[in-house]
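The values are calculated or read from the model by the stated rules, or taken from the named source; none is laboratory data. Keep in mind that what you see is a predicted model, and the values were worked out from it rather than measured. When we count neighbours, we look across all protein chains shown, and the Cβ atoms used for this are built from the backbone with ideal geometry, even at glycine. Heads up: the accessible areas ignore ligands, DNA and RNA and are worked out on the full protein's heavy atoms, side chains in. Shrake-Rupley method; radii C 1.70, N 1.55, O 1.52, S 1.80 Å.
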Amino acid sequence: MDCKEAWMIFENDTKRNIVQIERCSVGIANYVFIVSTATEKFVLRCSKDDNAYKDTIDWLNKLSVCEIPIPIVLSKGKYKDNSYLILSYIPGNDMGNVYDRLNDSEKKQIAKEVIEIQRKVSRIDVSVGAKWTWNRFTGEMLSRAEERIKRNHYFDNNKIHIIKKLQQEIQEYLDKVRPIPYLDDISTKNLLIDKGKLSGIIDIDWIGLGDMLTFIALTKVALLNMDLDTKYIDYLLDEIHPTAIQYKAFVFYCLIFCVDFMGERGMQFLDKKIPVNENIIKRLNDIFDILLEEWNHCYN
């Protein structure tokens, strides 16, 4: 989808004249545009999937009672073969784009606010199917990574078998994880920062149920993959005060996300291809080795 088609969708729905429209570079499952009129900005999300935004709208409505900085749904609809969603605009940039400009004090304050947001989210009522288990999360993540790594041939699939063996050491902990709601996709993306402060959370198409430590693990792997420091991770963990077994589970989750990143290399999402080259392959292999070494130094 190009800006011209997005332009038509927005003006047809809102009857407002557009001054400027630009496509966001982030996002691999939707076409996302920032639309500016003479007085306001909006976010336009588009998809070929007929039911693309049902869950997004439901979750935003449920989370609205938490008093957290999330977008407001302004309009939804279908235009030709596109489903679309128009949301309020929150100023800011993805954390990964501004991370190297944040000082330690700002990172610490953002971490404190993020954990407080997660605690608010944990208190919402969510119905869970009788078949829900936390082990399904780890199993599905590993199975997806294994299938992609086998298909793309960029990485050694033996890494999956290594993680499965490690899982046995913390199986008792994983068996006890309850379906607690949390925002599982706020990492170096979807967490907006404006002038050094947390300004909003976007792209809430689903939420996680289970162990909140996974969002911190995802963020750590993302920061390592971007060759950035991980002080923000230290601040997040400081807010939680994980026990020894919780920290070991955290490192386990980091390893899962590392192979998940490996599986994505070279994949095509919409009109975007996840880059892969020798440097990227080496970096992810090095990250895996660093995390495995960290695991080996964890206490039971």
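Would you point out which residue out of ILE86, ILE149, ILE186, ILE90 is closer than 30 Å to THR39 by Cα, surrounded by 16 or more Cβ atoms within 10 Å (Cβ to Cβ) and over 19 Å from the mean Cα position of the chain (by Cα)?
Working: ILE149 fails: closer than 30 Å to THR39 by Cα; ILE186 fails: over 19 Å from the mean Cα position of the chain (by Cα); ILE90 fails: over 19 Å from the mean Cα position of the chain (by Cα).
Selected residue: ILE86, the only one of ILE86, ILE149, ILE186, ILE90 that is closer than 30 Å to THR39 by Cα, surrounded by 16 or more Cβ atoms within 10 Å (Cβ to Cβ) and over 19 Å from the mean Cα position of the chain (by Cα).
Quickly run through the range 211-252 and pick out the residues that are touching a strand residue (DSSP E or B) at 6+ places or on another chain (Cβ under 8 Å) and among the polar types (S, T, N, Q).
Within the range 211-252, just THR214 meets the criteria.
So which residues in the range 169-189 are of a type in the set (Phe, Trp, Tyr) and out of contact with any Phe, Trp or Tyr (no Cβ under 7 Å at 6 or more places or on another chain)?
Filtering the range 169-189 for residues of a type in the set (Phe, Trp, Tyr) gives 173, 182.
Correct list: TYR173 only.
Please determine, by comparing only the residues of the range 57-83 that are closer than 29 Å to LEU224 by Cβ and β-branched (Val, Ile, Thr), which one is farthest from the chain's Cα centre (by Cα).
The residue in question is ILE68.
Which ones in the range 1-43 are polar (S, T, N, Q), under 19 Å from ILE72 (Cα atoms), at pLDDT 90 or above and not in a helix (DSSP H, G or I)?
The answer is SER36, THR37, THR39.
Only one of (1) open to solvent by 80 Å² or more (accessible area, probe 1.4 Å); (2) at pLDDT 90 or above; (3) within 30 Å of ARG119 (Cα to Cα) fails for LYS78. Which number is that?
Answer for LYS78: the failing condition is (3).
Is at least one residue of the range 279-289 within 17 Å of the chain's Cα centre (by Cα), modelled with pLDDT of 95 or more, surrounded by 14 or more Cβ atoms within 10 Å (Cβ to Cβ) and polar (S, T, N, Q)?
No, the range 279-289 contains no residue that is within 17 Å of the chain's Cα centre (by Cα), modelled with pLDDT of 95 or more, surrounded by 14 or more Cβ atoms within 10 Å (Cβ to Cβ) and polar (S, T, N, Q).
Please determine whether any residue of the range 189-200 is open to solvent by 20 Å² or more (accessible area, probe 1.4 Å) and modelled with pLDDT under 95.
Yes; the residues of the range 189-200 include at least one that is open to solvent by 20 Å² or more (accessible area, probe 1.4 Å) and modelled with pLDDT under 95.
Could you list all residues from the range 84-106 that are out of contact with any helix residue (DSSP H, G or I) (no Cβ under 9 Å at 6 or more places or on another chain) and assigned to a strand (DSSP E or B)?
SER88, ASN93, ASP94
Need pairs with beta-carbon distance below 7 Å; first residue among the basic types (Lys, Arg) and within the range 277-292, second at pLDDT 95 or above; sequence gap 6+ or separate chains.
ARG283/ASN225
Go through the range 121-142 and count every residue that is assigned to a helix (DSSP H, G or I) and farther than 19 Å from PHE269 by Cβ.
Within the range 121-142, residues that are assigned to a helix (DSSP H, G or I) and farther than 19 Å from PHE269 by Cβ number 8.
Restricting to the range 234-252, give me the number of residues that are in contact (Cβ under 8 Å) with a residue 60 or more places away in the chain and aromatic (Phe, Trp, Tyr). Steps first, answer last, please.
Going through the range 234-252, the residues in contact (Cβ under 8 Å) with a residue 60 or more places away in the chain turn out to be 235-236, 238-240, 245-246, 248-249, 252.
Narrowing further to those that are aromatic (Phe, Trp, Tyr): 235, 252.
Residues in the range 234-252 being in contact (Cβ under 8 Å) with a residue 60 or more places away in the chain and aromatic (Phe, Trp, Tyr): 2 in total.
Checking the structure you have, find out if any residue of the range 244-265 is in a loop (DSSP other than H, G, I, E, B) and open to solvent by 60 Å² or more (accessible area, probe 1.4 Å).
No, the conditions are met nowhere in the range 244-265.
Given GLN109, GLN118, which one is open to solvent by 60 Å² or more (accessible area, probe 1.4 Å), of a type outside the set (Asp, Glu) and assigned to a helix (DSSP H, G or I)?
Working: GLN118 fails: open to solvent by 60 Å² or more (accessible area, probe 1.4 Å).
Checking each option against the conditions leaves just GLN109.
When you scan the range 61-81, do you find a residue that is without any contact (Cβ under 8 Å) to a residue 40 or more places away in the chain and closer than 18 Å to CYS24 by Cα, even just one?
Among the residues of the range 61-81, not one is without any contact (Cβ under 8 Å) to a residue 40 or more places away in the chain and closer than 18 Å to CYS24 by Cα, which makes the answer no.
Every residue in the range 214-243 that is open to solvent by 10 Å² or more (accessible area, probe 1.4 Å), in contact with a Phe, Trp or Tyr (Cβ under 6 Å, 6 or more places away or on another chain) and under 22 Å from GLU116 (Cα atoms), please.
Across the range 214-243, the qualifying residue is only LEU218.
Taking interchain pairs and intrachain pairs at least six residues apart, which have beta carbon atoms under 7 angstrom, with the first residue in the range 1-12 and within 16 Å of LYS41 (Cα to Cα) and the second of a type in the set (S, T, N, Q) and surrounded by 15 or more Cβ atoms within 10 Å (Cβ to Cβ)?
Within 7 Å, the pairs are ILE9/ASN82.
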